[in-house]
Every structure is written in C-alpha cells, then in structure tokens.
Amino acid sequence: MNADSDRARIDDDQVGLIVEVFRMLADPTRVQALWALVDRELSVNELAELVAKPAPSVSQHLAKLRMARLVRTRRAGTTIYYSLENEHVRQLVSDAVFNAEHAGPGVPAHHRGDAATLTPRKAGRQ
C-alpha cells in the first residue's frame, strides 16, 4: 500500500486559502516586505525604505497581506506597525528564502551557520 494514499485530502475551502497565500507570495515587493518582518515589526515608512518602493505602494501590498492573514498590525499613537501574523508565516517565508538559496552556487549560507544571513536584520537590513 502506498503511504501517500493514507494522507487526507485537503478540503476545497482550505485549498483556496492555500492558493491565496501562494498568490500573495508571487510578488517581489510582498516577498521583500515579509522577509523584512521575519524578526521584527516595522512601520509602512520603514518597510518602504527597506524595499525601495513608495510608501503608498507598500501600504497597498500590506493591506493585501493583511487580508490574506499573513501580517497583523499594532497601533502606537499615529503609527501603525506591521508584523508577521504567526510562526507559521515566519517559517513559510524563511523556508522560501532558504530554498531559493539552494539555487545558487556553493553551500547555502543557512547551512554554513553564517549568522549574518539567517535573518534580515542580521543581514544588515536594519
């Protein structure tokens, strides 16, 4: 018997949500914003500077990510800070980045234990 046949089929509604998550990840600005949020929270203006895009554009991307439940907000006075919704999103984004590193030459940085490449802040993207 094939072990894969024991795996339960994913509910159609869940499949739709999963497809939406991947759709959200299919944009370079959103990927850069999510990666910047892996280990910290940031305002729209801080994110805009990090991803080198205008704040209104980044704000629109963040709204989509929020509707897809990939990021959440926290208000402090007049500033709204964004962070990843949960550890699953953090893991998804990290795994996507680390998987992409495998496409390059040599040993990926995350396998070398090079702490400077494991998170955006440590990579000098403060």
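No value in this document is a laboratory result; all are computed from the given coordinates. This is a predicted model, so every value here is computed, not measured. Because the Cβ atoms are built from the backbone with ideal geometry, glycine has one as well, and the counts that use them run over all protein chains shown.
Sorting 29-35, 84-90, 74-80 by their mean Cβ neighbour count within 10 Å, with the most densely packed peptide first, gives 29-35, 84-90, 74-80.
Relative to the present Cα-Cα distance, how much length would full extension add between R75 and I10 at 0.36 nm per residue of separation? Please list the in-between numbers first.
Details: separation 65, 0.36 × 65 = 23.40 nm, distance 3.59 nm.
Gain in length upon complete extension: 19.8 nm.
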